[in-house]
Amino acid sequence: MNETVATTETLTETSAAAEALAPDSGSLFDLLPDTGLVEHIFTVDTVITVAQVFLTIFIGMVLLGLVVGILKRASKKRFDVRTSGLIIKITQYLGISLIAINAFDVAKVDLSALLGAAGIAGIALGFAAQTSVSNFISGFFLISEKMFAPGDVLNVDGTVGVVQSVDALSIKLRTFDNQLVRIPNETLIKTNVFNITRFPARRLNMNILITYDSELEKAKVILLETAAKNRDILKNPEPLFFVKGFAENGVELLLGVWVASEDWVNANNSIHIDVKKRLNAEGIEFAFPTRTIYSRQVD
Amino acid sequence: MMNDQEQEAETLDILWKNWNLPVDEGARCHCFGNTSLYVSINTAGDGAVLAAMVRFPEVKPVVKKSNKTARKPSLPELPPIDDAAWTRAFVGKTQEYGLYPGYPPLPICVRLHESFSLPPGSDIMGWIFSHLEARILINGEDMASFALIPPYKTLYGTPDSGVVCRYDEAEFLASEEPATLFSHANPALVAHPVRIRNSSSGPVKVSDLCIYGEQLSIFGTGSRLQSERLLFTFSSSGVRMAIDSQGRVPRDATVLARPRVSGEERAFERSFELFKAMTRI
């Protein structure tokens, strides 16, 4: 009995103290109008929902991080830098979208209206971003074809340069006169693209026109000898000698020599110089447009 | 009287070693058969600049018999030391440079003088040779490497998947021919003991062998330089080069060059696809 009395007294004292302190407490809740709105928002359910949303985002981000980490390691070995980067970026975007949808779902936000609006906006955006989307999709085809990689030398519709970067919408070429050219992926799909350095060796074709007076057998021996002596020319595959035909001004010959792709410029210069020197030394004349004029005396 | 082997061993020791700088002696010539490697020094300021260049044998000019006054060809006139033909490096206060053998930077494609056919499931051992390069080292670091034959290139394989290699030619010698092998003692050549195995189901024609020098050492044995034993395996997926684990290096061998790519595992990894079209019948 005594204990109960004591407790009641204590409670009475506490309430009295609280009432005495109340006017001077300065609580933020006291500043809000007493409409019941705050109590309605900050309920236990709301707190639980917010916590669930945060937990969903947190777990989602952790999982996404793990997946991206694994993908990075796996794709590094199997794909080139560009493909691997693209796969990771797509995974990240998809993951973030999924996390966002989940978070909205947990928060009991009705997405149907939002999605409806997004649909309309999507159509509008689709029309507006038609070119970009086309380039983006073209990028996927380019990746799957594996036609080139950074560092390759491309000839795209007459523009020749080293692939500097391969991006989602375009590739960047650095031309040999040091200009940066942006080529949309869509253009690469539509036009003929020559990858000049894809293979370790290339054939350098020299078209040579010699006079009808020249001996073809001798010319053949000389040209093949010249190719064999040139250190920029590969021993294998062997050089090709081909008589293309009798042209208007002389006999048209083809000397095809194989050179390492990286030696192209040096080989091109040295073999042309060597051929010119050797043919001159051997007395074989290069043909040039000639016209024979017959003079006849008029009586 | 020294016997032949001792003399040859001495030759090897004389050639591949550290040399004093050729101060006050003009250009020093290291001869490798008909190829000459010239080393010269240019003292400037506090340090010195070492210059080196290689000269391959030139085609002798045709001298008419009737011309009795024709002189013997004089010693080659070297270009001035500031000419682009020289490779130069500042050596500072160092008093010596190293001359050691090395493999070319590219893989070496050795075309056999006589190709031969290898039946399925068979295994053959022998020797092939390739030309090495002369490396000049300053304070243990590579200054330059010089090919000792005119450095021609070739493509080992098909144009779409081949490997650009240094071109070389050699005879394939069966291991039972030590006399022939010995006769090949040449400071510009390195011998490769090889085992060629045909593990495919059909016969193969062996006409070219591709050697990745970066994976190999160079050992000095007597007068001869040699590498580890190479194993070429012809299979249905192509040809692979590896270091033969059964091969042994002679006990008295001196290591003159170590592999640039370390580890046998990497050597296996970097082994290449040879070409069915070139080797298959």
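The values are calculated or read from the model by the stated rules, or taken from the named source; none is laboratory data. On a predicted model such as this, the values are computed, not experimentally measured, just so you know. When we count neighbours, we look across all protein chains shown, and the Cβ atoms used for this are built from the backbone with ideal geometry, even at glycine. Please note that ligands, DNA and RNA were not included when accessible areas were found on the heavy atoms of the full protein model with its side chains. Shrake-Rupley method; radii C 1.70, N 1.55, O 1.52, S 1.80 Å.
Determine the residues within segment A:184-208 where the difference in accessible area between the chain on its own and the full set of protein chains amounts to at least 30 Å²; count protein heavy atoms only and use a 1.4 Å probe.
With the partner chains in place, segment A:184-208 has these residues losing at least 30 Å²: A:Phe199, A:Pro200.
Take peptide B:152-164, look around each residue's Cβ out to 10 angstrom, count Cβ atoms belonging to other protein chains, and average those counts.
On the way: counts 8, 12, 8, 10, 3, 3, 4, 9, 4, 2, 7, 2, 9.
Counting Cβ atoms of other protein chains within 10 Å of each residue's Cβ and averaging gives 6.
In peptide A:227-237, what is the residue-averaged number of other protein chain Cβ atoms found within 10 Å of each Cβ?
Working: counts 0, 1, 2, 1, 6, 2, 3, 10, 10, 13, 5.
Partner-chain Cβ atoms within 10 Å, mean over residues of A:227-237: 5.
Pop out the carbon and sulfur fraction of the accessible area of segment A:200-293 as a percent, whole number, probe 1.4 Å.
Details: 2750 of 5410 Å².
The value for segment A:200-293 is 51 percent carbon and sulfur by accessible area.
Find how much the distance from A:Asp45 to A:Leu254 grows on full extension, using 0.36 nm per residue of separation minus their present alpha carbon separation; answer in nm with one decimal. Don't skip to the end; give the middle numbers.
Numbers: separation 209, 0.36 × 209 = 75.24 nm, distance 8.62 nm.
So the chain would gain 66.6 nm between A:Asp45 and A:Leu254.
For segment B:99-131, list whatever residues lose no less than 30 Å² of accessible surface once every protein chain is in place, relative to that chain by itself, with the probe at 1.4 Å.
Flagged in segment B:99-131: B:Arg111.
For a paramagnetic label modelled at 7 Å from the Cα of A:Leu240 toward its Cβ, which residues of segment A:276-290 fall within the zone defined by backbone nitrogen distances under 20 Å?
none
Computed on protein heavy atoms with a 1.4 Å probe, what is the summed buried accessible area for the chain pair A and B, in Å² to the nearest 100? Don't skip to the end; give the middle numbers.
On the way: alone 21570 and 15560 Å², together 35810 Å².
That pair hides around 1300 Å² of surface in total.
Going through the cross-link list A:Lys235/B:Lys205; A:Lys72/A:Lys146; A:Lys229/B:Lys17; A:Lys220/A:Lys276, which pairs have a Cα-Cα distance over 23 Å in this structure? Walk me through the numbers before you get to the answer.
Numbers: A:Lys235/B:Lys205 19 Å; A:Lys72/A:Lys146 20 Å; A:Lys229/B:Lys17 34 Å; A:Lys220/A:Lys276 14 Å.
Correct reply: A:Lys229/B:Lys17.
In whole Hz, with x marking every Gly and Pro, tabulate ³J(HN,Hα) for segment B:186-201 from phi via Karplus 6.51 cos²θ - 1.76 cosθ + 1.60, θ = phi - 60°.
Along segment B:186-201, the couplings run 8, x, 9, 10, 10, 8, 10, x, 10, 10, 10, 10, 10, 9, 8, 8 Hz.
May I have the extent of the alpha carbons of segment A:97-250 along their three principal axes, as whole Å values ordered from largest to smallest?
92, 33, 26
Can you list the residues, at least 5 places off or on another chain, whose amide H is less than 5 Å from the amide H of B:Phe32, using H built in the peptide plane?
Amide H neighbours of B:Phe32: B:Leu37.
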